[in-house]
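Below you'll find the structure, written out as C-alpha cells, and then a few comments.
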Amino acid sequence: MPLLELMLFVLVLLIGLSIVWSTLRTGMSPMMSSRKACQTMLAAIEKPAAGTLIDLGSGWGTLVIAVAKQYPTQQVIGYELSWLPWLVSVIRKRALGLTNLSLYRKDYNEANLSNASTLFCYLFPKAMNSLQEKLQLELANGTRIISNTFALPSSEPTSVMRLKDFYQTPIYVYDWKNTKSPCEEQQTAPGAKVN
Ligand SMILES: C[S@@+](CC[C@H](N)C(=O)[O-])C[C@H]1O[C@@H](n2cnc3c(N)ncnc32)[C@H](O)[C@@H]1O
C-alpha cells in the first residue's frame with residue numbers, strides 16, 4: 001500500500017476510534033440535531049432574557065453556531081467532551097468570526113449553569129436524570145430549557161413540539177421551576193452538613 005494511502009487509512013482509523021471512545025465515555029454519539037430540529041429549537045427560544053445561552057454537549061457546533069448567529073449580542077457557550085467534534089466546531093466558529101460564542105472542551109457537569117437564560121440539550125435518558133439533579137441545585141427559576149428528543153424525568157414541560165419527521169421527534173420546552181424546598185436542597189447538596 002503506498003505511504004499516502006496508509007497515512008490516510010491510519011488517520012481515518014484514529015478519527016473513527018476517537019469517536020467510538022468518546023461515545024463510550026459520554027454514552028452519546030456526536031449526532032447533530034437535524035435542520036428541522038434546529039429550526040424548532042431556535043423558534044422555541046422566543047426572546048431570550050439577559051444571561052447566557054448554553055448548549056450542553058455542543059457536538060460539531062450545528063445548533064450552538066445557529067444560536068450565536070441569531071443572537072449576536074448575547075453570550076453563547078457550548079460544552080463538548082469529544083475532541084474531534086469540538087475541534088471542528090472551533091474551526092467553524094473562527095471561520096464565521098462569532099465573537100459572542102465560546103466553545104469549551106469540558107464536561108458540562110463541571111460548569112456552573114446558574115447564569116444561564118436558556119439551556120439546550122440533545123442527550124440521552126440517563127444523562128437527563130443526572131441533569132435534572134444538577135438543575136435542581138443550580139438553576140434560577142424561569143430559565144428556559146429546550147431538549148431535543150428526551151424529556152427531563154421530573155419536570156412538567158411548558159410545551160412539546162413534534163417535528164414533521166419519520167419519528168415525530170419531540171422537542172421539550174421547560175420554564176424551570178425549582179420544586180425542592182431550600183431545606184431539601186441543603187439535605188441533598190453534595191457535602192451538605194447533616195445535623
Ligand atoms: C447528540 S449530540 C448533540 C450535539 C448538538 N447539541 C446538536 O444538537 O447538534 C450530544 C453531544 O453531547 C456530548 N456530551 C455528552 N455528555 C457530555 C458531557 N457530560 N459534557 C460535555 N459533552 C457531552 C457528546 O459528546 C455529543 O457530542
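The values are calculated or read from the model by the stated rules, or taken from the named source; none is laboratory data. Remember, predicted model here, so these are calculated numbers, not experimental data. Every residue, glycine among them, receives a Cβ derived from its backbone with ideal geometry; neighbour counts consider all protein chains shown.
In table form, for the structure just shown:
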item	result
All positions within the range 148-175 that are of a type in the set (A, V, I, L, M) and on the phi > 0 side of the Ramachandran plot	none
Unique match (being buried (at least 18 other Cβ atoms within 10 Å of the Cβ), within 12 Å of the chain's Cα centre (by Cα) and within 17 Å of Tyr122 (Cβ to Cβ)) among Ser33, Ser22	Ser33
Single residue of Leu131, Leu135, Leu113 found to be under 16 Å from Thr52 (Cβ atoms), in a helix (DSSP H, G or I) and within 15 Å of the ligand (Cβ to nearest atom)	Leu135
Subset tally (residues that are part of a loop (DSSP other than H, G, I, E, B) and surrounded by 13 or more Cβ atoms within 10 Å (Cβ to Cβ)) for the range 155-166	4
Test: residue in the range 90-110 that is under 28 Å from Ser18 (Cα atoms), among the β-branched types (Val, Ile, Thr) and surrounded by fewer than 17 Cβ atoms within 10 Å (Cβ to Cβ)	yes
Count - residues of the range 17-76 that are within 14 Å of the ligand (Cβ to nearest atom), modelled with pLDDT of 90 or more and polar (S, T, N, Q)	6
Unique match (being closer than 18 Å to Ile54 by Cβ and polar (S, T, N, Q)) among Thr118, Thr169	Thr118
Members of the range 12-37 found to be farther than 21 Å from Ser130 by Cα and in contact (Cβ under 8 Å) with a residue 12 or more places away in the chain, listed by number	Ile15, Ser18, Ile19, Met32, Ser33, Ser34, Lys36, Ala37
Whichever residue in the range 97-110 is within 13 Å of the chain's Cα centre (by Cα) and part of a loop (DSSP other than H, G, I, E, B) and, among such residues, is nearest to the ligand (Cβ to nearest atom)	Asp107
